[in-house]
Structures are given as structure tokens and as C-alpha cells.
There are 2 protein chains.
Amino acid sequence: MALMAQREFNVDKNASFSEWYNTVIYAADLVDVRYNVQGFVVHKPWSTRVLRKLYSLFEAELEKDGHEPVSFPVVIPKENIDKEAGHLEGFAPELFWVTKGGNNELARPLALRPTSETAFYQMYSLWVQGIGDLPLKYYQSCSVYRYEHETLPFLRGREFMFIETHTAFAERAEAAAQVAKDMVIARRVLEGGLGLALMQFVRPHWDTFPGAENTYANDVVMPDGKVNQIASTHMLGQHFSKPFDVSFEDASGEKKYTFNTCFGPGIWRVMAALIAVHGDNKGLIFTPVVAPVQVVIVPIFKAETRDAVLAYAVKARLALEKKGYRVALDDSDKSPGFKYNEWELKGVPMRLEIGGREAEAGNVTLVRRDTHEKTVVPLAVLPRAVARAGKALAKELAKRSKAELKARITKCKSIDAIGKALDGKGGFCRVNICSTGSEGTACGKLIQERTAGKVRGMLYGADEKASGKCVACGKPANEVVYVARQY
Amino acid sequence: MALMAQREFNVDKNASFSEWYNTVIYAADLVDVRYNVQGFVVHKPWSTRVLRKLYSLFEAELEKDGHEPVSFPVVIPKENIDKEAGHLEGFAPELFWVTKGGNNELARPLALRPTSETAFYQMYSLWVQGIGDLPLKYYQSCSVYRYEHETLPFLRGREFMFIETHTAFAERAEAAAQVAKDMVIARRVLEGGLGLALMQFVRPHWDTFPGAENTYANDVVMPDGKVNQIASTHMLGQHFSKPFDVSFEDASGEKKYTFNTCFGPGIWRVMAALIAVHGDNKGLIFTPVVAPVQVVIVPIFKAETRDAVLAYAVKARLALEKKGYRVALDDSDKSPGFKYNEWELKGVPMRLEIGGREAEAGNVTLVRRDTHEKTVVPLAVLPRAVARAGKALAKELAKRSKAELKARITKCKSIDAIGKALDGKGGFCRVNICSTGSEGTACGKLIQERTAGKVRGMLYGADEKASGKCVACGKPANEVVYVARQY
């Protein structure tokens, strides 16, 4: 039981989300922030296991969509990064540089990858020789490195885990279709699998990924009302294929550059959302799909019932393991109440309480982590009852998240109203604006200066109709956008 | 079918192993070495998938043995590495240094981890507060970084994949037992699962891991007669627990330092062994347990039988997928013969040939990659036939590897005989030596100077009895050791 919690946990999530978050990640033994390099954290087994599940959920969906895994070097030469001007400008201040090997100065500095467009497209230039080599759809599961100044585990780190896909297509329409598929994948995994209610946006022109034509993003609202971008996908057009010469000859012998997209599910940030959105005052709540332990069995016995209860508890464990469940039987010497607290803190979605009475009657008591609802279940139907309870829990968490999101959307008709709403319950302010194109840049800036909120963009796929005037410049509004403060 | 081979492959493995190896890794589309940083390679999907399987084979065994996964930072501050003198001396010339973030010089340089003892033990010092916190058994699956001068994919890289376990125990005997278990795990995965015949050694005192008391290693002989160390485990004693203060108070209140071990399955080097040992003049041969595709189906048809054959091929695919097999149906426009070559090159262990005759009779023709043996199998029993053929193939590869190893062991009575044997068939020279303790250091050196072979150590667990004189100094021999040239 090296997994066990390290600390008392007694913080009110609603009263002080920030303190709650910073306490729970340590109390539930997810990370240790005492590693002696700022912004680089140690992931303990419990979070390592959850993060692996998050990776595999996205990987499975990406593979179904025809992406294949690759593994690229962690270092990218400066000359590669210099090739795309916007990308360089966006990332230059954030790069870590490797400059020495042994006692030698390296001939040229190598960046630790902040993301890998400039590594991938150089190779795509070699791999794309003709239209028969297209499309290319590769992904990499890896950590990336950014020289950030403020860091917070799972939200902003100098080292953090993500997935990056990089694709190349012959036609713009195919690239656009890929971006749309990425948004479907994001919704399927994040909302469907993990119960995180999303806002999907087309980011404004002035807030795209460095080097992208358009950025599409998935935002989750955190309990303090700030939003967490957890996965974004980008239409890169030919911004990278031209400087890197990712090209082919078409049937008529004309040289064509590929259209590229990249999709970045932020595994770390998904973890942050899971912790923050689903957790409560007792700790974390994981849905069964990602929980390292789905069911914990807590035996309750006196000296004289010990053997019978433990034997029965093992029977229950085997019945569940046979059906593929991840089960822990906590037979340590701690009291049942202590165990309840510890495993609740760690977010295990279901608990079985097994005492002498249960053992004799051939029952178990099944307790849900989200509602604390107790059901007495005959051992014979336990796997089915666990399946049902797990589904119900996932559904309940998704419902709560949806309700929470809905309650955090405020229609605002002025910049003052935005500021007030963001100071209050936070979340998203729905406003009318002149444009999310470059001509709206000044309006976006003004809103940000006056409210500390950023224009997150237009709702993706919703085609909302604007009316009235732009909240910022007062000219006729053409677009409906959402403003929020962000992590 | 982006997986397909890139190049003609026509090199005789026996005539020129080095050329064969350097050609096959590219022809079978495992890596691309054209990335513009020396020693950093791009792993294509085919190798990425195999490497993932190799990771998961070891991870499963480690978890069964009670190890838990963690994820540590890629950077280690210089002050940590400086703490253990032998470790520092061993690794200092090989370190990459991160010295800049953005435009700032970092206050102190950060090494890219060459291995993570000095990261882990610092945290273990915080995590071990009492004997109740022991044992600690963690592992990390990651890439590590070494500033090597000669590089070769999967054998020696500036970035390569491995697993590192780090354990802490209260008692020396427990640490020793862990080392013994590591050797069992290595044999189980490498010899049992992957069919790689091993020599397990206790390394001589002058050739231990930097910071270790004793090193135990698993060597595989490569087709050119040089050996490849693919997994080693180390008794660290208290070399790290003392400088890092990994300690606890025992029952009597006395301060005790932990005993530590670390085990490093070299995932990259296992890959090199799989390629080199099992491959033949047609390309790679993967055992079913690691093959990304276990069965490829090649349909053979004329225009008029096309639909029937393809429908039947899909039926065969589904029958196998239902049983959990990884199957590819190659319905591309290439000729069957071309497809056979391509998939053989990539090492797919079994092929199904399905033509009009097979479709009509309800049969398939099953072809093994290792022996090219063909069997006609009724579709109804296909999964069973595939299971049987896969097992037979794995057994055959293991048998070949064992025979190859056995043929490469030569008893030698003099240094000249060692040199001659190593110049000839290579492999291992079994010799008598005065000692593998520090007093034998000069003899080890002499052997190496005269033969370019290194003393790999005493056979682990064999307790072989020495006789006669030390081949180097002529004093009475006390130990039997094996000498080999190494990668």
C-alpha cells in the first residue's frame, strides 16, 4: 500500500479552490513538487497510472482514425525552429537550450522540443515524394518543454505530457476534414469517456497557435471560473510545408505543397480538469475508465470473523478481476473508516464493504464514491452491479459537469458586464463582437485589458447569429464570442 | 499501407552482418537516421509499435514483482550528479547540459538524465521516513541521453529507450534477493518470451556500473560474434543512500541507511538483438508476442474472382481478430509476390495466402516466416492453427538462438587462443583467471589490450570450478570467466 495518502485532507473546494487543488494533488499522492528544479515535478504511481490511461484513450481513438505512432528526438536544432517565422516568435522565449555535451560546446544549440512541428516537417519533406505517400498521419506521445515562469502541476509546467499529431494532405479540404475529426475525437474522449463538459471554439484570428491559420480548441471551466484549454487542433495551411518543402508533383507535373494539421491533446491538462471538475471535499473522483483501481474492497472484521471475512473478500476480488476489473483488497491494519477516507481521497469510484454479516449472507455492500449511495448486492451478481454503478457514476459526473458549465455562461452586453461576471462566477461571457478576424484584434485587446478575460472564440459548429453592436467598438456586431479568464 | 518498405533489400547477413543490419533497419522502415542531429533517430511506426510491446512485456513482469510506475523529470541538476563520486566519474563525459532558458543563462546547468539514480534517491530521501515506507520499488519507462561519439540505431545512441527500476530496502539480503529476481525477470522476458539465448554474468569488479558494488548482466551474442549487453541489474549497497541520506530509524532508534538496487532493461538493445539474432536474408522475424502484425493476409485473385476472394479474406481476418490477433489484410494493388517480400522483410511471423481455390474449399494456406513451411488449414480451425504455428515459430527461433550461442563458446587456455577465437567466430571464450576481484584488474586489462575482448564475468548462478592457471598472470586460477568483444 505504498499508494496511500500522505497527508490530512481537509479543505473546502468551494471556499478555496486554489488551496484545495494544491492540497489534493499532494494528499492523494499524485505528484511531489519538491524535486529540486522548478516546474519539473515527480509523478507518483497513482498519477502515472491515470496519465497512462489518458494517453491510451486518445491513442486508441487516433489509431481508429488512421494515425500511426512514431517517436521523434527530444532535441530540435535551432535552424529548424527558425524556419517558420510565427512559430519562432511564439516559442523562442520559452525554449530550453542544450548547449554542451560532456565538456564540449555543441556546434549549434539544440532546443528541447516545445512541440515538434519543426522536427516532423523536416522529415515529412523526405517522406513525401509523391501523392502516393499522402496522407501522412502520425502521432507522438511524449513530454514537451517550455521555460515557463509560473508553474502549477498539470496546468503549466516546464515539462508536461501531451500528444501531438502531425498530418500532411494533398488537398486543403482533406486537412479541414481532419481538423473536424480531431474535434470529434476530443469530444468523444473528453465528454463521452471522461464526463468533462466542453466548450468547443474556433479561436479568434489574433489567438491562433504560432504558425497556424486557424486554431480550434476545447475549453473546460474550472471550479474557480477560469478556463483550461485541454486540447486544440490547428489548420496549418501551407505555413510549414513551404519553408520545409513538404511537396510533391501532381499528375500534370506541377509542384504542390501539402496542407498540414496538428492536434494536441494536453494529457496533463486533461488530468487537471479531471481533478478539479470531478473532485469534492473528500478528494478526487475518477471515472472507472481511468481509475487505477476501480473497486476497493474494505473488509470489516473482529478477531473471530477475520478469516471468514478475508476469504470472502478474496472471493469478491476474484469475481471482479475475472471480468477484467482493477481491484484492490485493502487488508492493512488500519481501521475501516481510515481506509474509506484514504481511498475516497484517491478517487476510487466504487467501494465494497464486507463484514461478517455480508460474508454469511453471501452479499456485499457497494458504495459509490460520487453519491455515497449504498446498495447491498448478492455476490453472484456483483460484476453486473459494479458495471451498472460505474456507468451511473460516470453519468452523474458528466451531468454535474454539464450543469456547472451551463451555470457559468452569462450573456453580457457591455465590457463592464463582462468584468463583473468574470469577477463574480467566472466562466464564459457570451458577447457580440465586430469580428474575430484581424480587424477585431483591437477589440479583443481592449476586452482583455479591461476585464482580464480573453476572447475564446466562436462556438465551433454552432453558427450563432450576432445581433446589436460590438461590446468593444460599438460597430455592428457580426459574431458571437465567449470571453473567459484562462489558466 | 504507409508501413511499407522503402528500399530493395538484398544483403547477405552471413557475409556482411554490419551492412545487413544497417540496411534492414532502414528497408524494414524501423528508423530514419536522416534527422539532422547526430545519434538522435526518428522511430517509424513499425519500430515504435515493437518498442511499445517490449516496454509492456517488462512492465508487466515488474508490476507482478511489486514495482510501481513513476515518471521523473528529464533534467537532473549538476549538484545531484556530483554526489556519488563513482557515478559522476562514469557519467560526466557523457552528459548533455541544458544551460539556457529563453534568453537567460540558467543559474545552474541541468543534465539530461543519463540514468536517474541521482534524481530518484534525492526523492527517496524524502519518501523514506520510517521502516514502514520500505521497501520502495519504482520503475520508469523513458528515454535517456548520453553524449556518445559512435552511434548505431538500437545499439548506441545519444537518445535511447530503456526502463530503470530503483529500489530501497531495509536489509542487504532483501536487496540481494531483488537483484536475483531481476535476473529471473530478464531471463523470463528475453529467453522465454523473445527467444533470445542469454549468457547471464556477474561482472568483474573492475567493470561494474558507476556507483555499484556488483553488476549482473545479460549478454546476447550478435551474428558478427560481438556481444550486446541488453539488461543489467546492480547491487548499489549504500553507495547512494549515504550521500542522499535515504535512511530511517530502526526499532532501537539507530539511524540506518537503505540498501538499493537498480535494474535497466535496455529496450533499445533488446530491439537490436531481436533484429540481429532472429533476422535472415529476407529481413526481420518477429515472434508473435511483439509483432505489430502477427498475421498478414494476402489475397490472390483475377478480376472475376476478386469479390469472392476479398470477402473470404475478410472472413479470415475477422475470425482471427475475434481471438485477439493483430491482423493486416493487404488488399493493395501490388502483386502477391511483391507483398510476400515486403511483409517478410518487416518480420510478420505468419502469412495467409487466400486464392479462389482456398475460398471455394473453405481453406487458407498458412505460411510460417521462419521455415516458409506451408499448411492448408480449414477456416474453421484457423485461430487454433495460427496459435500453434506462432508457438512453433517462437520455439524454432529460440532453438536457433540457443544453438548459435552454444556454437560461439570456445574454451581457451591462453591469451593468444582468445585473440584467435575472437578474430574467428567471436562469441565467448571460456577461460580460467586468477580473480574477478580488484586484484584481477591488471589481468582483465591485459586480456583486453591483447585481444580487444573484455572479461564479461563469471556465469551467474553456475558456480563453475576453475582449474589450472590464470590465462593472464599464470598464477593459480580461482574463477572461470568469459571473454568477448562487445558493442
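The values are calculated or read from the model by the stated rules, or taken from the named source; none is laboratory data. Quantities reported herein were computed from a predicted structural model and do not represent experimental measurements. Glycine gets a Cβ as well: all are built from the backbone with ideal geometry, and neighbour counts include every protein chain shown.
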Q | Filtered residues of the range A:165-178 (kept if away from every other protein chain (no Cβ under 14 Å), more than 20 Å from A:Glu249 (Cβ to Cβ) and buried (at least 21 other Cβ atoms within 10 Å of the Cβ)) | A | A:Gln178
(Q) Suppose we keep only residues that are away from chain B (no Cβ under 14 Å) and among the aromatic types (Phe, Trp, Tyr) within the range A:19-35. Which one would you say is nearest to the chain's Cα centre (by Cα)? (A) A:Tyr21
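For residues in the range A:85-122 being assigned to a helix (DSSP H, G or I), within 11 Å of chain B (Cβ to nearest Cβ) and touching a residue at least 40 places away in the same chain (Cβ under 8 Å), which is surrounded by the most Cβ atoms within 10 Å (Cβ to Cβ)?
First, pick out the residues of the range A:85-122 that are assigned to a helix (DSSP H, G or I): A:85-94, A:117-122.
The next check asks that each one be within 11 Å of chain B (Cβ to nearest Cβ); those that pass are A:91-94, A:118-120, A:122.
From what's left, touching a residue at least 40 places away in the same chain (Cβ under 8 Å): A:91, A:93-94, A:118-120, A:122.
Details: A:Phe91: 23, A:Pro93: 14, A:Glu94: 18, A:Thr118: 26, A:Ala119: 27, A:Phe120: 29, A:Gln122: 24.
Selected residue: A:Phe120.
This table checks each residue for (1) over 19 Å from A:Arg49 (Cα atoms); (2) within 22 Å of the chain's Cα centre (by Cα); (3) among the polar types (S, T, N, Q).
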{"position": "B:Phe58", "(1), (2), (3)": "no, yes, no"}
{"position": "B:Pro73", "(1), (2), (3)": "no, no, no"}
{"position": "B:Lys83", "(1), (2), (3)": "yes, no, no"}
{"position": "B:Leu95", "(1), (2), (3)": "yes, no, no"}
{"position": "B:Ala111", "(1), (2), (3)": "yes, no, no"}
{"position": "B:Glu117", "(1), (2), (3)": "yes, yes, no"}
{"position": "B:Lys137", "(1), (2), (3)": "no, yes, no"}
{"position": "B:Cys142", "(1), (2), (3)": "no, yes, no"}
{"position": "B:Arg146", "(1), (2), (3)": "yes, yes, no"}
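Looking at the range B:30-41, can you tell me whether even one residue there is over 20 Å from A:Gln122 (Cα atoms), in contact with a helix residue (DSSP H, G or I) (Cβ under 7 Å, 6 or more places away or on another chain) and in the same structural domain as B:Gly264 (by TED's automatic domain parsing)? Talk me through it step by step, then tell me what you get.
So the first thing to find is which residues in the range B:30-41 are over 20 Å from A:Gln122 (Cα atoms), and the list is none.
No: zero hits.
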(Q) When you scan the range A:306-322, do you find a residue that is under 29 Å from A:Glu19 (Cα atoms), surrounded by 22 or more Cβ atoms within 10 Å (Cβ to Cβ) and out of contact with any Leu (no Cβ under 7 Å at 6 or more places or on another chain), even just one? (A) no
Q) In the range B:385-405, is there at least one residue being assigned to a strand (DSSP E or B) and either without any contact (Cβ under 8 Å) to a residue 40 or more places away in the chain or within 30 Å of B:Glu342 (Cβ to Cβ) (or both)? A) no
**Q.** Residue within the range B:41-56 that is crowded, with 23+ Cβ neighbours inside 10 Å, more than 19 Å from A:Arg52 (Cβ to Cβ), at the interface with chain A (Cβ under 9 Å from one of its Cβ atoms) and small (Gly, Ala, Ser) present
**A.** yes
**Q.** Among the residues listed as A:Val24, A:Val11, A:Val50, the single one being on the phi < 0 side of the Ramachandran plot and in contact with a strand residue (DSSP E or B) (Cβ under 8 Å, 6 or more places away or on another chain)
**A.** A:Val24
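Residue by residue, here is whether (1) acidic (Asp, Glu); (2) in contact with a Phe, Trp or Tyr (Cβ under 6 Å, 6 or more places away or on another chain); (3) at pLDDT below 95; (4) at positive phi holds:
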residue: B:Asn363; (1), (2), (3), (4): no, no, no, no
residue: B:His372; (1), (2), (3), (4): no, no, no, yes
residue: B:Ala403; (1), (2), (3), (4): no, no, no, no
residue: B:Thr410; (1), (2), (3), (4): no, no, no, no
residue: B:Lys420; (1), (2), (3), (4): no, no, no, no
residue: B:Asp423; (1), (2), (3), (4): yes, no, no, no
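Rundown of residues vs (1) within 17 Å of B:Ala170 (Cα to Cα); (2) modelled with pLDDT under 95, yes/no style:
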site	(1), (2)
B:Ala107	no, yes
B:Leu112	no, no
B:Tyr121	yes, no
B:Tyr124	yes, no
B:Tyr138	yes, no
B:Tyr145	no, no
B:His149	no, yes
B:Arg158	no, no
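Among the residues of the range A:421-440, which ones are assigned to a strand (DSSP E or B), crowded, with 22+ Cβ neighbours inside 10 Å and in contact with a Lys or Arg (Cβ under 9 Å, 6 or more places away or on another chain)?
Here is the first cut: in the range A:421-440, the ones assigned to a strand (DSSP E or B) are A:428-433.
Add one more test, that the residue is crowded, with 22+ Cβ neighbours inside 10 Å, and what stays is A:428-429, A:431-433.
Once the filter is applied, which keeps residues that are assigned to a strand (DSSP E or B), crowded, with 22+ Cβ neighbours inside 10 Å and in contact with a Lys or Arg (Cβ under 9 Å, 6 or more places away or on another chain), the range A:421-440 yields A:Phe428, A:Cys429, A:Val431, A:Asn432.
Considering B:Arg172, B:Arg203, B:Arg156, which residue is over 30 Å from B:Leu95 (Cα atoms) and out of contact with any helix residue (DSSP H, G or I) (no Cβ under 7 Å at 6 or more places or on another chain)? Quick ask: steps written out before the conclusion?
Values: B:Arg203 fails: over 30 Å from B:Leu95 (Cα atoms); B:Arg156 fails: over 30 Å from B:Leu95 (Cα atoms).
Matching residue, one of B:Arg172, B:Arg203, B:Arg156: B:Arg172.
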Q | Given (1) over 20 Å from B:Leu236 (Cα atoms); (2) outside any loop (DSSP other than H, G, I, E, B); (3) touching a strand residue (DSSP E or B) at 6+ places or on another chain (Cβ under 6 Å), index of the condition B:Ala168 fails | A | (1)
Q. A:Leu62 versus (1) in contact with a Ser or Thr (Cβ under 6 Å, 6 or more places away or on another chain); (2) more than 9 Å from chain B (Cβ to nearest Cβ): which is the lone unmet condition?
A. (1)
Q | Candidates A:Thr48, A:Thr23 - the one that is of a type in the set (Val, Ile, Thr) and touching a Lys or Arg at 6+ places or on another chain (Cβ under 8 Å) | A | A:Thr23
**Q.** Given (1) part of a loop (DSSP other than H, G, I, E, B); (2) out of contact with any helix residue (DSSP H, G or I) (no Cβ under 9 Å at 6 or more places or on another chain); (3) within 23 Å of A:Ala272 (Cβ to Cβ), index of the condition A:Gln129 fails
**A.** (3)
Q | Residue check for A:Cys443: in contact (Cβ under 8 Å) with a residue 24 or more places away in the chain and part of a helix (DSSP H, G or I) | A | yes
Q) When B:Pro77 is evaluated against the numbered criteria (1) over 30 Å from B:Asp32 (Cβ atoms); (2) crowded, with 20+ Cβ neighbours inside 10 Å; (3) within 7 Å of chain A (Cβ to nearest Cβ); (4) under 25 Å from the mean Cα position of the chain (by Cα), which criterion, by number, is the only one it fails? A) (4)
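Got at least one residue in the range B:7-18 being exposed (fewer than 15 other Cβ atoms within 10 Å of the Cβ) and either within 13 Å of chain A (Cβ to nearest Cβ) or within 28 Å of B:Tyr147 (Cβ to Cβ) (or both)?
Initial filter on the range B:7-18 (exposed (fewer than 15 other Cβ atoms within 10 Å of the Cβ)): B:7-8, B:10, B:12, B:14-16, B:18.
Then keep just the ones that are either within 13 Å of chain A (Cβ to nearest Cβ) or within 28 Å of B:Tyr147 (Cβ to Cβ) (or both); that gives B:7, B:18.
Within the range B:7-18, one or more residues are exposed (fewer than 15 other Cβ atoms within 10 Å of the Cβ) and either within 13 Å of chain A (Cβ to nearest Cβ) or within 28 Å of B:Tyr147 (Cβ to Cβ) (or both).
Out of curiosity, is B:Glu353 touching a Phe, Trp or Tyr at 6+ places or on another chain (Cβ under 9 Å), of a type in the set (Asp, Glu) and either in contact (Cβ under 8 Å) with a residue 40 or more places away in the chain or farther than 19 Å from B:Arg49 by Cβ (or both)?
Judged against the criteria, B:Glu353 is a match.
Among the residues in the range A:50-58, are any in the same structural domain as A:Thr208 (by TED's automatic domain parsing), free of Cβ contacts under 8 Å to residues at least 12 places away in the same chain and in contact with a Pro (Cβ under 8 Å, 6 or more places away or on another chain)?
If we filter the range A:50-58 for residues that are in the same structural domain as A:Thr208 (by TED's automatic domain parsing), which is where we start, we get A:50-58.
Retained after the next criterion (residues that are free of Cβ contacts under 8 Å to residues at least 12 places away in the same chain): A:52, A:56.
Cutting the leftovers down to in contact with a Pro (Cβ under 8 Å, 6 or more places away or on another chain) gives us A:52.
Yes, some residue in the range A:50-58 is in the same structural domain as A:Thr208 (by TED's automatic domain parsing), free of Cβ contacts under 8 Å to residues at least 12 places away in the same chain and in contact with a Pro (Cβ under 8 Å, 6 or more places away or on another chain).
Out of everything in the range A:128-146 that is over 23 Å from B:Phe72 (Cα atoms) and of a type in the set (A, V, I, L, M, F, W, C), what residue ends up being nearest to the other protein chains (Cβ to nearest Cβ)?
Taking the range A:128-146 and keeping what is over 23 Å from B:Phe72 (Cα atoms), we get A:128-138.
Still in the running and of a type in the set (A, V, I, L, M, F, W, C): A:128, A:131, A:134, A:136.
Working: A:Val128: 11, A:Ile131: 13, A:Leu134: 9, A:Leu136: 7 Å.
Of everything passing the filter in the range A:128-146, A:Leu136 is nearest to the other protein chains (Cβ to nearest Cβ).
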(Q) Checking A:Lys475 against (1) in contact with a strand residue (DSSP E or B) (Cβ under 8 Å, 6 or more places away or on another chain); (2) closer than 23 Å to A:Asn218 by Cα, only one condition comes out false. Which one? (A) (2)
Q) Looking only at residues in the range B:147-164 that are in a strand (DSSP E or B) and within 12 Å of chain A (Cβ to nearest Cβ), which one is nearest to B:Asn260 (Cα to Cα)? A) B:Met161
